[in-house]
Amino acid sequence: MAKASATFTCTACGAAHSRWSGRCDACNAWNTIQEEAPLSSGPRGQSLGAARGAALTITDLSTEEPPPPRTRSGLDELDRVLGGGLVPSSAVLVGGDPGIGKSTLLLQAAARFAGAGLSTLYISGEEANAQVRMRAQRLGLENAPVRLAAATSLRDILTTLDAERPDLVIIDSIQTMWSDSIDSAPGSVSQVRAAAHELTSFAKRRGASVILVGHVTKDGQIAGPRVVEHMVDCVLYFEGERGHQFRILRSVKNRFGPADEIGVFEMTGSGLAEVANPSALFLAGRGAPAPGSVVFAGIEGTRPVLVEVQALVAPTPHAQPRRAVVGWDGARLAMILAVLEARCGIPFAGLDVYLNVAGGLRITEPAADLAVAAALLSAREDAPIPAETVIFGEISLSGALRPVGQTENRLKEAQKLGFTSAIVPSGGKPGGKSGLSLTRMGDLTAFVGEVFGAG
Ligand code: TYD
Ligand code: MG
């Protein structure tokens, strides 16, 4: 009989390794690899095929089943990210840095869902009931029909859930849950996975919804939410800069709705407030047109969002110039710089480049390429982009500008916020109905000539 071999898992990114090493070669984090207890094989180590199991019920793809009934919390920003509300028999993971506001969000959500008729149980493994009550008081939710428990033992929790049969269970946090049938410390990969497995099985078995909170960890001792992403139906990340009051809830996986949808919240003294018009928020505080500042008309999920892209370009005192990016992809920045140099003859060697997406939003769309290039050029030439202009478009390695999706929606949002002109790639849909004056460009060289008057 072959000895069941142990596996090693990175607690930060969830990558599996065949042996231990000091550094994860998938995410380059140090000291995050942990041994996971091997799963026991079948009875007496037999292969599963040797003993006969029950026959499966086989069916076809056509179905009369209605779409899953959804419960809306009434917090539109949350409901949209969930794909239109909470689905029964589902497990949702809400990940985020410690202190970002996960417990606040979920206590507010618990109160709303309880108000919408779901029997709701909030189980905290981190805080005593009194602490959760204090937060509820601060949020003005002390009379909400949410039931509370403080527990960390998975066995006790499952016993309680099977007796109480709540419609919605919130577990804060998955890293504090611990099963006595597993021989490793709370927070380890094995424990966190076992807890997620048991709780999602409960959701499926009883038709309940389970929301799991997961702290994103930098510490190798504690497994992060990445290690359970594959076990749940919906993965949301709650993001934001500590110093900023904006918080963004982003769906990265959703079996019941679109992924990449965002909800925007603002952290206030009395909890999270919904931000119905994020563009206005992200553009607030923008002064007179300044070199290096460009407004990008983007799409987040199903919604257009306008954000300011800021660049700073300065001579470097170092041998190796700095490239620092916040809110965008560093590799994509390197590509844009290379295209500007190779196709337009505009070098950035000897210059430090800083790029920032204002408001703490993280952009992943290639449609931001042209806005980034414009910000870089504007900063380098010390020439502001004309006011009331939005920019979007993808840049290919040849320097050509490629049209992007949802042109119409982007332009409409820009018009709604008082912009009067747009610079967009030629080709694609006309988008003429928006009322903005459009400047269409076929390639980056033409753009440089038109906007900065240099070739
Ligand atoms: P919390 O929800 O405890 O974060 P997490 O569960 O993700 O660790 O929120 C922590 C921060 O939010 C804390 O620094 C205080 C702040 N906060 C407010 O600003 N307003 C509020 O109404 C509440 C409840 C918290
Ligand atoms: Mg918390």
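For the stretch 89-105, does any single residue satisfy the condition of being within 16 Å of ligand 2 (Cβ to nearest atom), open to solvent by less than 10 Å² (accessible area, probe 1.4 Å), of a type in the set (A, V, I, L, M, F, W, C) and in a helix (DSSP H, G or I)? Yes; the residues of the stretch 89-105 include at least one that is within 16 Å of ligand 2 (Cβ to nearest atom), open to solvent by less than 10 Å² (accessible area, probe 1.4 Å), of a type in the set (A, V, I, L, M, F, W, C) and in a helix (DSSP H, G or I). The residue pairs whose first member lies in the stretch 265-281 and is closer than 13 Å to LYS102 by Cα, whose second member is assigned to a loop (DSSP other than H, G, I, E, B) and within 16 Å of ligand 2 (Cβ to nearest atom), and whose beta carbons are closer than 6 Å, counting only pairs six or more residues apart or on different chains, are MET267/GLY101; GLY271/LEU139. One residue stands out among those in the stretch 166-192 that are at pLDDT below 95 and open to solvent by 50 Å² or more (accessible area, probe 1.4 Å): the one that is nearest to LEU86 (Cα to Cα), which is TRP178.
Against the test of being over 21 Å from the mean Cα position of the chain (by Cα), more than 9 Å from ligand 1 (Cβ to nearest atom) and on the phi > 0 side of the Ramachandran plot, the options GLY85, GLY117 yield a single qualifying residue, GLY117. The set of residues from the stretch 251-287 being touching a Gly at 6+ places or on another chain (Cβ under 8 Å), part of a strand (DSSP E or B) and over 27 Å from GLN137 (Cα atoms) comprises SER251, ASN254, ILE262.
Do we have any residue at all in the stretch 149-163 that's free of Cβ contacts under 8 Å to residues at least 40 places away in the same chain, assigned to a loop (DSSP other than H, G, I, E, B) and within 14 Å of ligand 1 (Cβ to nearest atom)? Among the residues of the stretch 149-163, not one is free of Cβ contacts under 8 Å to residues at least 40 places away in the same chain, assigned to a loop (DSSP other than H, G, I, E, B) and within 14 Å of ligand 1 (Cβ to nearest atom), which makes the answer no.
Across the stretch 235-252, the number of residues qualifying as open to solvent by 20 Å² or more (accessible area, probe 1.4 Å) and either touching a Pro at 6+ places or on another chain (Cβ under 6 Å) or farther than 16 Å from THR302 by Cβ (or both) comes to 9. Out of all the residues in the stretch 351-360, is one or more part of a loop (DSSP other than H, G, I, E, B) and open to solvent by 10 Å² or more (accessible area, probe 1.4 Å)? No, there is no match, as no residue in the stretch 351-360 is part of a loop (DSSP other than H, G, I, E, B) and open to solvent by 10 Å² or more (accessible area, probe 1.4 Å).
The values are calculated or read from the model by the stated rules, or taken from the named source; none is laboratory data. What you are looking at is a predicted structure, and each value in this text was computed from that prediction instead of being measured. All Cβ positions, glycine included, derive from the backbone under ideal geometry; neighbour counts span all protein chains shown. We work out accessible area using only protein heavy atoms, side chains counted, and drop any ligands, DNA or RNA first. Shrake-Rupley method; radii C 1.70, N 1.55, O 1.52, S 1.80 Å.
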